[in-house]
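Colleague: This is the structure, below, for whatever I ask next.
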Amino acid sequence: MKKPMKIALLGLGTVGFGVYEFIQAHKDLELACAMSLVVPEGVTCPIVADIETILRDETIDTVVEVIGGLHPAYEFVTGALRAHKNVVTANKLLIAAHYRELVTLAGENGVSLRCTAAAGGGIPWLTSLERTAAQEPITRISGIMNGTTNYILDTMHRTGSSFADALSQAQQLGYAERNPADDLNGADIRRKLVISSNIAYGCVLDEAEVVTEGIEHITGADIAAFKRLNRVCKLIAASRRLENGVAAYIEPALMPPSMPESAIPQNYNLISLTGEHIGKQSFYGQGAGRYPTAYNILQDCLDVSRGVSGFYTDRLNEAHVDNSSIRRQYYVRVSGMDKWLQEKVDKILDYGMITKEVSVPEIHGWLKQRRRTDPGCFIASLR
Ligand SMILES: NC(=O)c1ccc[n+]([C@@H]2O[C@H](COP(=O)([O-])OP(=O)(O)OC[C@H]3O[C@@H](n4cnc5c(N)ncnc54)[C@H](OP(=O)(O)O)[C@@H]3O)[C@@H](O)[C@H]2O)c1
């Protein structure tokens, strides 16, 4: 009979405790030890204080990293890969920032690196990208990839509450962190979009090149204006494979009610891929939370124990972001006109205005300048 795979678990926080419960209940996996600053009640496995003990232990096959952040997660994960241990992680910050290095390190050391929970929480999104990309050129990715911002936008639309009240509700329900900046400004989604695009297109994108606008400047008055336009505001991440490079951007988008994204409630995610022959496929579910996220980590561990090796792709082609071919009309709400806006405006609304078609780099470049004198201004593309 095959011996259960031996795992060291780094972190026993929100996700880590869920992973602990799942592993303890699974016959094909054995929890050798956990490393944690605080040990939650009920944890019975051995607790190890330093990473070296784990790295030296040749009986440990796999390290699960759920401490989050860049450091010391980077040192722990690279140390584990170099010690010929498989790594399963949910750490999108780490994977997006050190993508090429980590994928290469896993390949050189002949071990697995899996991070399905890093994008889409409990949705089997990265594994679906992996399976599809192996057979079929993926041309596009798009969707709602952050539950916190979707909860806030959904609440504002449904109840008419202010941004601050909707955020506070999200925090009370545990959908938003105490410091929600990375969710609200789009940085969290950018990491997920980079990892997803890299796997889909076999490339390595630089996060800094992905144009990113979040929802922190949206107001109740904007939402009321969108209702009059019969549109629903969603924070959309999108990328496309181009002949030379990739288009990739994150921005609030005003969707007609007929689009599936408009109906996504609360903290749910809806992510779609488009394949050259298969068309569009969409994945809907819980994008975060203890058990959905821990579930994908468990699935990764089981895949590794069944012999799935390496990363989701071994293609690491350098690619640059070029959004110049993406052109749309935009809703713009500012505190006064300026020369650029005067030239681009198509329609003045009761509240805000609609521009003519402009390119993504043009409007985001203008927005960056404009924020210096008009910090609260807001844009959303029309879909
Ligand atoms: N929460 C979600 O729904 C979700 C969804 C998808 C992905 N993820 C990812 O999953 C990872 C973990 O998230 P989480 O929500 O579980 O975070 P969390 O609740 O803050 O848990 C992290 C745990 O790691 C511990 N820790 C920090 N540094 C450590 C160290 N050097 N050694 C041992 N333990 C250490 C923390 O202890 P202290 O609290 O004492 O610092 C905490 O208990 C992150 O990468 C996150 O992006 C989370």
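Colleague: Restricting to the stretch 56-72, give me the number of residues that are of a type in the set (G, A, S) and without any contact (Cβ under 8 Å) to a residue 24 or more places away in the chain. Before you say what the answer is, go through the steps one by one.
Modeller: Within the stretch 56-72, the first condition is being of a type in the set (G, A, S), and the residues that meet it are 68-69.
Narrowing further to those that are without any contact (Cβ under 8 Å) to a residue 24 or more places away in the chain: none.
Residues flagged as of a type in the set (G, A, S) and without any contact (Cβ under 8 Å) to a residue 24 or more places away in the chain within the stretch 56-72 amount to 0.
Colleague: Looking at the stretch 291-310 only, could you name the residues that are crowded, with 20+ Cβ neighbours inside 10 Å and touching an Asp or Glu at 6+ places or on another chain (Cβ under 9 Å)?
Modeller: Listed by number, the residues that qualify are A294, C301, V304, S305.
Colleague: Looking at the stretch 318-348, which of its residues are of a type outside the set (D, E, K, R) and surrounded by 14 or more Cβ atoms within 10 Å (Cβ to Cβ)? Explain how you work it out, then say what you get.
Modeller: Going through the stretch 318-348, the residues of a type outside the set (D, E, K, R) turn out to be 319-321, 323-326, 329-332, 334-337, 340-342, 345, 348.
Answer for the stretch 318-348, where residues must be of a type outside the set (D, E, K, R) and surrounded by 14 or more Cβ atoms within 10 Å (Cβ to Cβ): A319, V321, N323, I326, Q329, Y330, Y331, V332, V334, W340, L341, V345.
Colleague: In addition: Condition first: more than 13 Å from the ligand (Cβ to nearest atom) and not assigned by TED's automatic domain parsing to the domain that holds N267. Can you find one or more residues in the stretch 89-97 that meet it?
Modeller: Start the filter on the stretch 89-97 by keeping residues that are more than 13 Å from the ligand (Cβ to nearest atom), which leaves none.
No: the stretch 89-97 contains no residue that is more than 13 Å from the ligand (Cβ to nearest atom) and not assigned by TED's automatic domain parsing to the domain that holds N267.
Colleague: Is it true that G110 is out of contact with any Pro (no Cβ under 9 Å at 6 or more places or on another chain), in a loop (DSSP other than H, G, I, E, B) and near the ligand (Cβ under 10 Å from one of its atoms)?
Modeller: Details: out of contact with any Pro (no Cβ under 9 Å at 6 or more places or on another chain): yes; in a loop (DSSP other than H, G, I, E, B): yes; near the ligand (Cβ under 10 Å from one of its atoms): no.
No; evaluated as a whole, the condition is false for this residue.
Colleague: Which of the residues spanning the stretch 263-285 are crowded, with 17+ Cβ neighbours inside 10 Å and either more than 24 Å from A134 (Cβ to Cβ) or free of Cβ contacts under 8 Å to residues at least 60 places away in the same chain (or both)?
Modeller: I264, N267, Y268
Colleague: Can you name every residue in the stretch 63-88 that is closer than 12 Å to G11 by Cα and either part of a helix (DSSP H, G or I) or not assigned by TED's automatic domain parsing to the domain that holds I51 (or both)? Talk me through it step by step, then tell me what you get.
Modeller: Step one: of the stretch 63-88, the residues closer than 12 Å to G11 by Cα are 63-69, 72-73, 76.
A73, F76 - these are the residues of the stretch 63-88 that are closer than 12 Å to G11 by Cα and either part of a helix (DSSP H, G or I) or not assigned by TED's automatic domain parsing to the domain that holds I51 (or both).
Colleague: Oh, and also: Here are the criteria: (1) within 30 Å of N91 (Cβ to Cβ); (2) among the small types (G, A, S); (3) surrounded by fewer than 18 Cβ atoms within 10 Å (Cβ to Cβ). Tell me which single one A288 does not satisfy.
Modeller: Against the list (1) within 30 Å of N91 (Cβ to Cβ); (2) among the small types (G, A, S); (3) surrounded by fewer than 18 Cβ atoms within 10 Å (Cβ to Cβ), A288 comes up short only on (3).
Colleague: Could we say that N86 is within 17 Å of Q299 (Cα to Cα), near the ligand (Cβ under 8 Å from one of its atoms) and buried (at least 20 other Cβ atoms within 10 Å of the Cβ) here?
Modeller: On the way: within 17 Å of Q299 (Cα to Cα): yes; near the ligand (Cβ under 8 Å from one of its atoms): no; buried (at least 20 other Cβ atoms within 10 Å of the Cβ): yes.
Against the criterion (within 17 Å of Q299 (Cα to Cα), near the ligand (Cβ under 8 Å from one of its atoms) and buried (at least 20 other Cβ atoms within 10 Å of the Cβ)), N86 does not qualify.
Colleague: Using the structure shown, decide if A253 is in a strand (DSSP E or B), among the small types (G, A, S), within 16 Å of the ligand (Cβ to nearest atom) and within 19 Å of I152 (Cβ to Cβ). Even if it seems obvious, please write down each step before you answer.
Modeller: Working: in a strand (DSSP E or B): yes; among the small types (G, A, S): yes; within 16 Å of the ligand (Cβ to nearest atom): no; within 19 Å of I152 (Cβ to Cβ): yes.
No, not satisfied.
The values are calculated or read from the model by the stated rules, or taken from the named source; none is laboratory data. This structure is a prediction, so every number in the text was calculated from the model and none was measured. Positions of Cβ are backbone-derived with ideal geometry, glycine not excepted, and every protein chain shown enters the neighbour counts.
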